[in-house]
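Below: one structure, written as structure tokens.
The values are calculated or read from the model by the stated rules, or taken from the named source; none is laboratory data. Being a predicted model, the structure only gives us computed values, none of them experimental. With ideal geometry, Cβ positions are generated from the backbone for all residues, glycine too; neighbour counts draw on all protein chains shown. These accessible areas exclude ligands, DNA and RNA; they are computed on the full protein's heavy atoms, side chains included. Shrake-Rupley method; radii C 1.70, N 1.55, O 1.52, S 1.80 Å.
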Amino acid sequence: MKLCILCAKQRAVLKRPKTGQQICQACFYHVFETEIHHTIVDAKLFRRGERVAIGASGGKDSTVLAHVMKQLNEQYDYGLDLFLLSVDEGITGYRDDSLETVKRNQQQYELPLKIVSYGDLYGWTMDDIVREVGLKNNCTYCGVFRRQALDRGAVMLGVDHIVTGHNADDIAETVLMNIFRGDIARLGRCTEIVTQGESSIRRSKPFKYTYEKEIVMYAYFKKLDYFSTECIYSPNAYRGYARTFLKDLESVRPSAIVDIIHSGEAFEIKSTVKMPSQKTCERCGYMSSNDTCKACVLLEGLNRGLPQLGIGKESRVVSFCY
């Protein structure tokens, strides 16, 4: 019987994807949670008394995030008021089912829940959008609308901060996508653990250095209640190709994920490169690098029957599914 390399008492039941260590279940829980706590503390993500919304989709990442945030908040006395915030994109057979998981999570973790929908905010659901534009550029619409919807939901809740379940794999994929696209502006900020949203609402990623495989293992061993089906509209998403490439790298070099993140952090943009300045959308008041924000441009295209309006080389959008 092989003993846990950390405690040398219990039988090793798993091999950590991140380090290759063979450890017991109890030690896995401890190192997983402690590493996230250290990420939070080292980056000074929170201030006592903050109202924090957890982006909740019902998937493994957001479910584990809600579980761990509630536990760490109590264990280390962060002093946070936690909420669940979900976006209903209007995807029949996918989001309606996953939201049922979120509602169960609300009861399990005893956290207030707010759900905002594309239908209410924009007058269009993703089912409507896909019928109009097809499956080629639908992820662009969803990514732009979801980001704004989260911020608008946060304003409704009166929170100071949104945390999302973006993990190390997600961030490494985004670094690769921005390199492949030559998107210097987003490459310069995609590895930031904290970004600013609408109305001074901060966004952060406590799972920045947490491997996806370890999140899955944590959810499995803890028997957490989560929804595991992939979005029915994303099989052709560009991110999928970056994900496959990253998995191939990870199979021969497990540290590749964190190595790519550190490489992204180390990129320096020349002072001669012109970067977009942040403005306020003249139509909706949302932050934008142009006079009209991306969401309003896309929405105008839909309403005018011109769905390709705002889609093109000048419209480089890299989106996360939270």
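With only Lys, Arg, Asp and Glu charged, each at its Cβ (+1 for the first two, -1 for the last two), find how big the charge dipole of the stretch 43-275 is about the Cα centre; round to the nearest 20 debye.
460
Between 0 and 90 degrees, rounded to the nearest ten: what's the tilt of helix 95-109 against the longest Cα principal axis of the chain?
The angle comes out near 50 degrees.
Quick one: helix 25-42 against the long Cα principal axis of the chain, what's the angle to the nearest 10°, folded into 0 to 90?
50
Relative to the first principal axis of the alpha-carbon coordinates of the chain, what is the inclination of helix 168-181, with its axis defined by its Cα atoms, in degrees from 0 to 90 and to the nearest 10?
With both axes taken from Cα atoms, the answer is about 40 degrees.
Across the chain, what fraction of all alpha-carbon pairs, as a whole percent, falls in each successive 10 Å bin from zero upward?
5, 25, 35, 25, 8, 2, 0
Please work out how much length the chain gains when fully extended from Val258 to Arg304, using 0.36 nm per residue of separation minus the C-alpha to C-alpha distance, in nm with one decimal.
12.2 nm
Which whole-angstrom value gives the distance between the alpha carbon centres of the stretch 40-57 and the stretch 162-241?
16
Past the 18 Å Cα-Cα mark, which pairs from Lys9/Lys222; Lys70/Lys103; Lys205/Lys247; Lys44/Lys208; Lys213/Lys247; Lys44/Lys222?
Lys9/Lys222; Lys205/Lys247; Lys44/Lys222
Let me test this: with uniform point scatterers at the alpha carbons of the stretch 177-292, what is the Debye-based log₁₀ I(q)/I(0) at q = 0.10, 0.11, 0.22, 0.23 1/Å?
At q = 0.10, 0.11, 0.22, 0.23 Å⁻¹ the computed log10 ratios are -0.46, -0.56, -1.41, -1.42.
Order the peptides 38-50, 62-74 from the highest to the lowest mean number of other Cβ atoms within 10 Å of their residues.
The packing order, highest mean first, is 62-74, 38-50.
Hey, how many Å between the Cα centroid of the stretch 10-27 and the Cα centroid of the stretch 111-161?
After rounding, the separation between the Cα centres reads 39 Å.
Over the stretch 43-275, with every protein chain in place, what whole percent of the accessible area is carbon and sulfur at 1.4 Å, could you tell me?
50
May I ask what percent, to the nearest 5, of DSSP beta bridges between residues of the chain are antiparallel?
For the chain, the DSSP antiparallel bridge percentage is about 35.
Which far-off residues, 5 or more places away or on another chain, put their amide H under 5 Å from the one on Lys114, with H placed in the peptide plane?
The list, which skips near neighbours in sequence, is Leu84, Leu85, Ser86.
With equal scatterers on the alpha carbons only and no solvent term, can you work out the Debye log10 of I(q)/I(0) for the stretch 1-127 at 0.09, 0.14, 0.16, 0.22 1/Å?
The calculated log intensity ratios at q = 0.09, 0.14, 0.16, 0.22 Å⁻¹ are -0.37, -0.77, -0.90, -1.17.
At 1.4 Å probe radius, can you tell me the per residue accessible area of the chain in Å²?
Result: 48 Å² per residue.
Step through the residues of the stretch 46-61 one at a time and calculate ³J(HN,Hα) from phi using the Karplus curve (6.51 cos²θ - 1.76 cosθ + 1.60, θ = phi - 60°), rounding each to whole Hz and writing x for Gly and Pro.
After applying 6.51 cos²θ - 1.76 cosθ + 1.60, I find 10, 10, 3, x, 5, 9, 10, 9, 9, x, 10, 10, x, x, 4, 5 Hz.
Classify the stretch 1-56 as rounded, prolate or oblate from the Cα gyration tensor: take a ≥ b ≥ c as the square roots of its eigenvalues, call it rounded if a/c is under 1.5, otherwise prolate when a/b beats b/c and oblate if not.
Here the stretch 1-56 falls in the prolate category.
Using Cα pairs closer than 8 Å and at least 6 residues apart in sequence, work out the relative contact order for the stretch 43-275, in percent.
24 percent.
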